[in-house]
1. Filtering segment B:132-146 down to residues that are touching an Asp or Glu at 6+ places or on another chain (Cβ under 7 Å) and under 17 Å from B:TYR170 (Cα atoms), which residue is nearest to the other protein chains (Cβ to nearest Cβ)?
2. Hey, among B:VAL188, B:VAL149, B:VAL156, which residue is away from chain A (no Cβ under 11 Å) and among the aliphatic types (A, V, I, L, M)?
3. Could you run through segment A:45-78 and say how many residues are among the aliphatic types (A, V, I, L, M), crowded, with 18+ Cβ neighbours inside 10 Å and not in a loop (DSSP other than H, G, I, E, B)?
4. Can you tell which of B:ALA314, B:ALA301, B:ALA308, B:ALA369 is touching a residue at least 40 places away in the same chain (Cβ under 8 Å), open to solvent by less than 70 Å² (accessible area, probe 1.4 Å) and on the phi > 0 side of the Ramachandran plot?
5. Pick from segment A:250-302 the residues that are open to solvent by less than 20 Å² (accessible area, probe 1.4 Å), touching a Leu at 6+ places or on another chain (Cβ under 8 Å) and more than 7 Å from chain B (Cβ to nearest Cβ): which of them is nearest to B:SER98 (Cα to Cα)?
6. Could you list, in sequence order, all residues of segment A:148-163 that are within 12 Å of chain B (Cβ to nearest Cβ) and part of a loop (DSSP other than H, G, I, E, B)?
7. Which of the following residues is hydroxyl-bearing (Ser, Thr, Tyr) and more than 20 Å from the chain's Cα centre (by Cα): A:SER72, A:SER60?
8. The conditions are (1) open to solvent by 10 Å² or more (accessible area, probe 1.4 Å); (2) modelled with pLDDT of 95 or more, and B:GLY322 fails exactly one of them. Which is it?
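The values are calculated or read from the model by the stated rules, or taken from the named source; none is laboratory data. It should be emphasised that the depicted structure is a prediction, and the values quoted were computed from it without experimental measurement. So basically every Cβ, Gly included, is an ideal-geometry build from the backbone, and we count neighbours across all protein chains shown. Side chains included, ligands, DNA and RNA excluded: accessible areas come from the protein's heavy atoms. Shrake-Rupley method; radii C 1.70, N 1.55, O 1.52, S 1.80 Å.
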Amino acid sequence: MIRKPAYLWAHITTITSLLIGIVGLTKPSNEAILLAKYPKSLSEYGFHDRGKKGFTPHKSLIAYDLKTALFSDHSEKFRYIYVPDGQVASVSDNGVIDFPVGSAIIKNFGYFQGNKMRLIETRLLLRRENEWLALPYVWNETQDDAVLKLAGARLSVNFTDPNGIKRTTDYAVPNKNQCKECHGVNDGISNKVMPIGPKIRNLAQSSIERLWAANVLQPHGAPTNASWDKGDNGIERNARAYLDINCAHCHNARGSASNSGLFLDYGQSTPVTYGIYKRPVAAGRGSGGLEFAIKPGDADNSIIIHRMKSNDAGVAMPQIGRAIVDDEGVALVSQWINQIAVKK
Amino acid sequence: MIHKIKAILLCGAMIAATSLNAKTIEVTAGANAQEKLQEALILAEEGDIIALSAGKYILTDGLSLDVNGVTIKGLGEDKTILDFTDQKGSGEGLLVTSDDVFLTGFAIENSKGDGIKSKGADQIVISKVRVEWTGGPNPENGAYGIYPVESKNILVDGVQVYGASDAGIYVGQSQNIIVRYSIVKHNVAGIEIENCYGADVYQNLATENTGGILVFDLPDIPQQGGRDVRVYNNFVHNNNTANFAPEGNIVGSVPAGSGVMVMSSRNVEVFENIIDDNATANILVVGYPNQTQDKNYNPRAIDIRIFANRHGKAGYKPDFPGGDLLAAALGGSLTPIIYDGTGENIQISDKVGAISLNMAKAGRPLTEARPSPYPSDSEFEGQKLQPIILPAVMEDKIFSVLSKDELPAK
């Protein structure tokens, strides 16, 4: 008799969630995206079906992929764009997408445990009235919702990497300020949060086409980047594309590392500016006793490689968002550096 | 009377500056310090004070503040200790990226990278803060203790920094700066002003570093043409610690035993300091020693004025290749002031020996030096630079946290 109410309740919730599914009551919430200060849980946004485990996206969310992705400790990432009904994101000549107010970018991080996905965190970028707001959410044990972690978190995670090696890592969920460290762009007046991945030059062609088909992206003719791991563009282009997506969000003239004078964005054409014979400025022990960011022909004596290979706080680059070395990235950038002609 | 008026003005300013809902957020040391403190830093609003209790905060990641107008106030640099020995991520202990921030009364220990970094901030006051690597000089220590960069209106007041593997107090690519009343010890560089526009460095104690106080201008970074720096009234004593900077960094080239060193830069005045017992030289004026393709960069020291300093012994154990031979040729010891000869309008009127090495180019081996006495007293044009003036609200912040008996007598 005592169990009956619980039993009934289970039925009621199932029926309710079915009803919500049918009539579409669970849908992205303007209130959460635009108005609430810091919604405490991911479910408040209505981006996913709370009645199911994991992240089953609402039908208005459009999945996208990048040509070259940021390395995040071998985690699997599932990315979605939400644009309010009837609105369209415009595209500038340089391929930056201007999302309408009320849009959101949703990025889920997780690891396969066997063949089951275990979600770790979801990072949101919310397009509010005058700014983007970045917030991190950490998934619960039951995998039906994620809770706000403004101050970030460290989580011990076990997984098997792409080479079949079992690993344990002290996975770092960034705090709200750290989101901005990478996503911040100084417009000369203030430092504003901006999306990094969803730019035309970074988006996979299939994703661009999907966004077009859904009528949420304006047609455009902006140029695109190389895809570094597809090996189809020459080593230099691939390595520069890798550095662009993994480093240039800070290492550009308007980013967190502007003071270094080392700018790794794809468009840089001055060799010293993108590292060739560039001396360290404020690297401290990050320099590893080496003279140049990139020493042509000598990856092992290039500071960039030294810092990509380190897991030590104060040396490791990027400074946040990575606790494991990206061996393939190191191999690619090393290969490029080793083939750069040595200056006489 | 003046102080009374000042106090009245101060009250007015504080009322005006404090927003209606300003509050004090208390944070205590103990379990989960990382999340509690970082969350307080994120949820703080303009005008708030984050009050840190006494005790040791065990931190596992870097902290950051990105809200304007916030004060972080501990109970003293020996009582409220932010311990980063177990830090796993981030490039510094505390990062400040907002304006009008006041940091006071706490210590940062053993951060993996820099101690306190402020980037792109306007009006930052750092007072009575200690940054220390507790194991003493070690190349594994973080680079900078106090590190404002690309900032403007900076007041560093009464801080202590020990053990930085680059510079204890380093102000880079910034403008309108005061560094005063501070103690820097066991760092590679005690205080370094690099690629800055307008700085006053006064009444500091720089001792047992590799170099005491440096004024540098470097190429291949966004803000260049460092200028208008006054270094005066400092005690720069016994900076003979072997250089422990990781190689590759420019301070790695600073000879042990350097008191005050000016590298490239324009319009620098070094005066009324007491500079004593620095084994290479009490004052060095040199050009930038490395090659650069940077066409906008001026590698020479220009318009440097050195006057009215009091010198103790110097030059008795120069720490650069060939220095011992040069010292022997000069009678066993180098002069207290050494100029590499590559600059322009270098005026020295101190009443001690000075030599020019008459190098054709900075950074060349000493075998190319043609040393000669450097008398230039007759050319001395006198003091030219004006004092740095910071917005009054910055000074008021320091007064606002003083107890009654710390306030100046009426």
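1. It comes out as B:ALA143.
2. One residue alone meets the criteria, B:VAL156.
3. 2
4. Result of the check over B:ALA314, B:ALA301, B:ALA308, B:ALA369: B:ALA308.
5. Going through the qualifying residues, I end up with A:LEU264.
6. Matches in segment A:148-163: A:LYS149, A:LEU150, A:ALA151, A:GLY152.
7. A:SER60
8. (2)
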